[in-house]
1. Per DSSP H run of at least 4 residues, take -39500 (n - 2.57); add these up for the chain, divide by its residues and hand me the 222 nm value, nearest 500 deg cm²/dmol.
2. Per Stokes-Einstein, at 20 °C and 1.002 mPa s, what whole-number D in µm² s⁻¹ belongs to region 1-47, with the Kirkwood radius over Cα pairs as the hydrodynamic radius?
3. Given the options Gly26, Ile47, Trp63, identify the residue whose Cα lies farthest towards the positive end of the charge dipole of the chain (+1 on Cβ of Lys, Arg; -1 on Cβ of Asp, Glu).
4. Put +1 on the Cβ of every Lys and Arg and -1 on every Asp and Glu Cβ in the chain; which of Asn72, Gly5, Ile15 then has its Cα farthest towards the positive end of the dipole?
5. Quick one: dipole size for the chain, taken about the Cα centre, charges +1 on Lys/Arg Cβ and -1 on Asp/Glu Cβ, in debye to the nearest 20.
6. Report the Stokes-Einstein translational diffusion coefficient (µm² s⁻¹, integer) for region 29-76, Rh taken as the Kirkwood radius over Cα pairs, at 10 °C with viscosity 1.306 mPa s.
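Quick note: the coordinates plus some simple rules give every number you see, no bench work behind them. Since the model is a prediction, treat every value here as computed from it, not as a measurement. Here Cβ is always computed from backbone atoms with ideal geometry, including for glycine, and neighbour counts include all displayed protein chains.
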Amino acid sequence: MAWLGHVIRLEGKRIPKRALVWKLTGRRNRGRLRKRWIEDIEEDIQIMGMRGWRKLCKERAEWKKITEKAKNHSGL
């Protein structure tokens, strides 16, 4: 989660930021779709009951409090 806040604060042209928002094009294999990393993190955020997390990522001190809360959360 701490890395997510870091990447969200990066400029739009940086490679990690582009990789985070990049969507695959073309055909996928049959069967169950594999989860992307961001989908797994969004599940954790939903379990914690947070709303508006993208805005909170922009504020470093607030995001640090949230990551500390996530470390202590028993459901993650």
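1. When only DSSP H runs of four or more count, the value is -17000 deg cm²/dmol.
2. Rounded, D is 173 µm²/s.
3. Farthest along the dipole direction, towards plus: Gly26.
4. Farthest along the dipole direction, towards plus: Ile15.
5. Taking the Cα centre of the chain as origin, the dipole is about 480 debye.
6. 131
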